[in-house]
Amino acid sequence: MQYMVLTRRRTEHFGDAHYTPERLEAEAEGVRQLYIAGAVRQIWNRADMGGACLLMEAETMEDVRSVLNALPLFQSGMQETVSIVPLRPYRGFGPRQ
């Protein structure tokens, strides 16, 4: 099943100085590995604030949470999940009856 996930940086607790190049690269490497494994299908940076929007593949919503919580910025409490939305196919592209 696919899920749309919205995350955000916890800037009320962590300022810009906490998001060091090393931490951001470790997070990027973690996401690259999830992409290679097929868990992350697409990812975008948010334009309205720090964070990301991901299209993910998983069996359950709990699997999505588990995968994200293993990433470095989530483990350190610097990033959090705002929303996880399960998706289903759009019926307008299917055969008409």
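Per the listing Gly30, Gly77, the residue uniquely part of a loop (DSSP other than H, G, I, E, B), touching a residue at least 40 places away in the same chain (Cβ under 8 Å) and of a type in the set (Gly, Ala, Ser) is Gly77. Consider the stretch 46-56 and keep the residues that are under 13 Å from the mean Cα position of the chain (by Cα) and not hydrophobic (A, V, I, L, M, F, W, C). The one that is surrounded by the fewest Cβ atoms within 10 Å (Cβ to Cβ) is Arg46.
So that you can scan it fast, the table gives a plain yes or no per residue for (1) at pLDDT 95 or above; (2) surrounded by 15 or more Cβ atoms within 10 Å (Cβ to Cβ); (3) at positive phi; (4) not hydrophobic (A, V, I, L, M, F, W, C):
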{"site": "Glu29", "(1), (2), (3), (4)": "yes, no, no, yes"}
{"site": "Trp44", "(1), (2), (3), (4)": "yes, no, no, no"}
{"site": "Ala58", "(1), (2), (3), (4)": "yes, yes, no, no"}
{"site": "Gln79", "(1), (2), (3), (4)": "yes, yes, no, yes"}
{"site": "Ser83", "(1), (2), (3), (4)": "yes, no, no, yes"}
{"site": "Leu87", "(1), (2), (3), (4)": "yes, no, no, no"}
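Tell me whether the stretch 89-96 contains one or more residues that are hydrophobic (A, V, I, L, M, F, W, C) and either surrounded by 16 or more Cβ atoms within 10 Å (Cβ to Cβ) or part of a loop (DSSP other than H, G, I, E, B) (or both). No, the conditions are met nowhere in the stretch 89-96.
The values are calculated or read from the model by the stated rules, or taken from the named source; none is laboratory data. Source: prediction; values computed, not measured. Positions of Cβ are generated from backbone atoms using ideal geometry, with glycine treated the same way; all protein chains shown enter the neighbour counts.
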